[in-house]
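Q: Have a look at this one before I ask anything.
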Amino acid sequence: MAISVSKKKTKATKMAEERQDSCCCFFNTLLCRVIFRVPTVILLFILIFLWSSSTTIISGNMVHVCISSRKLNNLYCLSAGAQPNASVSSKATPSTINGDSKEMMNPVSNIKKTFDDVREDEEVANAMRLVEEQMEMQRSWISHSNNQSCDERGIFVYDLPPKFNKDLFSQCNDMIPWTDFCRYFTNDAMGEPIPKLGRNWYQTHQYSLEPIFHSRVLKHPCRVYNENEAKLFYVPFYGGLDILRWHFKNVTNDVKDTLALELMKWLQQRRPWLKNSGKDHVFVLGKISWDFRRYRGSEWGNRFLELDQMQNPIKILIERQPWHANDVGVPHPTSFHPHSDDDIVSWQQKIIGSRRKYLTSFAGAARPELPDNIRTLLIEQCNSAGEGKCHSGQCTGPETVIELFTESEFCLQPPGDSPTRKSLFDSLVAGCIPVMFDPLTAYYQYPWHLPEDRGKFSVFVDQEEVRQGKVNVVERLMKIPAQEREDMRSYIVYELVPGLVYGDSDSRFSKFQDSFTITMNNLLERMRRL
């Protein structure tokens with residue numbers, strides 16, 4: 001026999017029970033009780049925080065909302081001006097330690113992982129769509145004209161005080177603690193010759209872009225000495241070397257920022273800069289974009305590219321910031337610096353006929369300190385692939401690397417301390433088909449020097465598939481038909497290689513355009529359209 005017991009309830013009690021019943025339709029009883037003991041305001045902040053799944057950083061007059069994304073394997077940030085009328089843009093702002101991308105610590109990271117992946121996929125898709133739009137815009141600046149005339153194409157080179165460029169060479173002895181950097185500054189910063197590889201080969205450091213570019217601009221046929229005749233203003237600031245000299249020294253952020261701030265003060269006293277607020281100015285910086293975008297709380301790099309004055313100029317870098325339209329990526333300097341068309345043709349003939357005795361190879365070290373990096377997994381797959389299928393080794397010097405790559409069909413190019421690698425361009429110059437694992441390694445970096453159709457020159461393998469053990473890279477490469485490999489290699493050797501190398505300071509090309517020439521022609525095309 002059922003016995004029911006009823007008690008008279010107050011109106012307030014009934015309302016409370018109704019609210020609790022409604023809540024428990026969605027949450028279990030324990031969680032519901034906890035929620036009703038949390039003050040409304042605190043609960044509201046918690047819900048907003050969890051909904052945003054983000055970290056907010058304020059640097060200067062910019063507010064960065066950084067969304068943690070497993071798909072991007074990093075943080076990317078949607079940035080908006082903290083002041084009225086500031087423009088909205090999207091930009092990546094990773095935390096970097098020794099150049100390595102790290103996700104910021106978040107006390108509710110475990111809760112984040114339970115969120116609906118659909119929203120995360122949408123966030124990533126929107127971020128990558130923006131990158132693709134910016135790449136398309138930068139490709140629209142490509143010059144298709146064969147006009148060699150310098151009419152309306154004047155280039156003015158600022159004569160900066162030596163402290164902004166050449167004086168930095170004098171610090172080469174202790175710029176990097178474990179090496180003498182001075183040997184890389186000889187021969188117009190191409191470095192010492194490499195007789196073993198033949199003529200036009202040098203010990204070029206990957207951070208030598210600034211002086212290499214400077215020496216070429218000084219001899220450009222369209223250089224003008226009257227600023228009124230100029231369309232493009234080149235600022236020969238060796239910002240990468242400025243950063244490099246402080247990387248491994250215990251100095252304050254103020255010290256790291258000093259030279260860049262002095263440069264801004266110097267430029268703001270010049271009429272060309274004031275006339276167009278720097279829109280017709282270009283900076284060539286020989287390090288990655290992140291090194292110039294120090295966010296609040298970090299000790300790495302400086303904040304040169306975060307300065308308000310630096311938002312209008314074009315920045316040429318070996319690795320661009322993917323969400324900034326005025327960052328343009330150009331190839332890392334390789335060790336090959338041809339002087340003439342004949343030098344390029346001679347090298348093309350050599351590598352197209354090279355005997356490729358390895359299916360694939362990897363030149364580089366593991367990254368045990370970075371648990372998400374797939375290098376260790378690739379090295380393990382390579383070492384267990386069997387004789388002749390894969391060869392791995394350290395990057396001991398240009399001679400060893402180029403020799404390995406000219407003997408390999410494919411070259412593995414996983415990210416290192418940052419998404420891009422000099423090794424990517426070493427492999428292309430050697431006629432070795434690069435295997436990419438992160439789209440930010442090349443596809444969203446070099447709109448003027450690599451084609452939009454990535455399948456023409458590379459193979460892509462999703463690094464998540466490698467990390468989860470879903471794919472053996474060597475086995476996948478074995479399935480690519482020989483004819484397809486030959487077609488890709490021919491495209492690389494004959495279509496790409498000339499435009500990926502930097503000729504020597506006295507180089508003269510009539511048949512080809514090297515990386516420097518392509519960059520300058522496209523910069524001038526952009527200025528013409530402005």
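The values are calculated or read from the model by the stated rules, or taken from the named source; none is laboratory data. Keep in mind it's a predicted model, so treat the numbers as computed, not measured. Positions of Cβ are backbone-derived with ideal geometry, glycine not excepted, and every protein chain shown enters the neighbour counts. Accessible surface areas use protein heavy atoms only, side chains included; no ligands, DNA or RNA. Shrake-Rupley method; radii C 1.70, N 1.55, O 1.52, S 1.80 Å.
Q: Mind computing the radius of gyration and Dmax over the alpha-carbon atoms of the stretch 218-269? Å is fine for both.
A: 15.2, 45
Q: Kindly report the accessible area of the stretch 141-284 per residue (heavy atoms of protein chains, probe 1.4 Å, no ligands, DNA or RNA), in Å².
A: Numbers: 7070 Å² over 144 residues.
It amounts to 49 Å² per residue over the stretch 141-284.
Q: Once the other residues with Cβ under 9 Å from the Cβ of Leu241 are scored (Lys, Arg +1; Asp, Glu -1), what is the net sum? Present the calculation step by step, with values, prior to reporting the outcome.
A: Details: positive: Arg245, Lys287; negative: Glu210, Asp242.
For residues surrounding Leu241, the net value is 0.
Q: Leaving out ligands, DNA and RNA, and with a 1.4 Å probe, what % of the accessible surface on the stretch 188-333 is carbon or sulfur?
A: Carbon and sulfur together cover 47 percent of it.
Q: Take the Cα atoms of the stretch 301-419, build their convex hull, and give its volume per residue in Å³.
A: Considering the Cα atoms of the stretch 301-419, their hull volume per residue is 160 Å³.
Q: Report the extension gain between Glu192 and Ala365 in nm, rounded to one decimal, defined as 0.36 nm multiplied by the number of residues separating them, less their alpha carbon distance. If you can, show how the numbers build up before the last one.
A: Numbers: separation 173, 0.36 × 173 = 62.28 nm, distance 2.47 nm.
Roughly 59.8 nm would be gained on extension.
Q: Can you check what the net charge comes to around Pro161, using other residues whose Cβ is under 15 Å from the Cβ of Pro161 (Lys, Arg +1; Asp, Glu -1)? Before the final figure, lay out each step's value.
A: On the way: positive: Lys163, Lys166, Lys265, Arg270; negative: Asp159, Asp167, Asp242, Glu262.
Here the charged neighbours net out to 0.
Q: Please sort 293-299, 439-445 by packing, taking for each peptide the average over its residues of neighbouring beta carbons within 10 angstrom, highest first. Numbers along the way, then the final one.
A: Values: 293-299: 17.3, 439-445: 21.7.
Order by mean packing, descending: 439-445, 293-299.
Q: Calculate the length of the line joining the C-alpha centroid of the stretch 260-306 to that of the stretch 167-218, in whole Å.
A: Each part reduced to its Cα centre gives a spacing of 23 Å.
Q: Using a 1.4 Å probe on the protein heavy atoms, what percent of the accessible area of the stretch 343-400 belongs to carbon and sulfur? If you can, show how the numbers build up before the last one.
A: Working: 1450 of 2990 Å².
Carbon plus sulfur share of accessible area: 48 percent.
Q: Where does the stretch 352-496 land on Rg(C-alpha)/(2.2 N^0.38 Å)?
A: Dividing the Cα Rg of the stretch 352-496 by 2.2 N^0.38 Å gives 0.96.
Q: Give the aspartates and glutamates whose C-alpha is closer than 12 Å to that of Lys470, dropping any in the same chain fewer than 8 places away, or say none.
A: Asp462
Q: Let me ask another. Among the trypsin sites (Lys or Arg not before Pro) within the stretch 167-203, which fall in a DSSP loop and have no more than 15 other Cβ atoms within 10 Å of their own Cβ? Display every interim value, and only then the final one.
A: On the way: sites: Arg183, Lys196, Arg199; in loops: Arg199.
Within the stretch 167-203, the qualifying trypsin sites (Lys or Arg not before Pro) (loop, at most 15 other Cβ atoms within 10 Å) are Arg199.
Q: How charged is the neighbourhood of Phe512? Take every other residue with its Cβ under 15 Å from the Cβ of Phe512, and add Lys/Arg as +1 and Asp/Glu as -1. Numbers along the way, then the final one.
A: On the way: positive: Arg216, Arg508, Lys511; negative: Asp341, Asp342, Asp343, Glu495, Asp504, Asp514.
My count for the surroundings of Phe512 gives -3.
Q: Kindly provide the GluC sites (Glu not before Pro) of the stretch 394-455 that DSSP labels as loop, not H, G, I, E or B, and whose Cβ sees at most 11 other Cβ atoms within 10 Å. Could the numbers behind the result be given before it?
A: On the way: sites: Glu399, Glu403, Glu407, Glu409, Glu452; in loops: Glu407, Glu452.
Taking the stretch 394-455 and a limit of 11 other Cβ atoms within 10 Å, the loop GluC sites (Glu not before Pro) found are Glu452.
Q: Excluding ligands, DNA and RNA, what is the solvent-accessible area per residue of the stretch 391-455 at a probe of 1.4 Å, expressed in Å²?
A: Numbers: 1600 Å² over 65 residues.
Averaged over the residues of the stretch 391-455, the accessible area is 25 Å².
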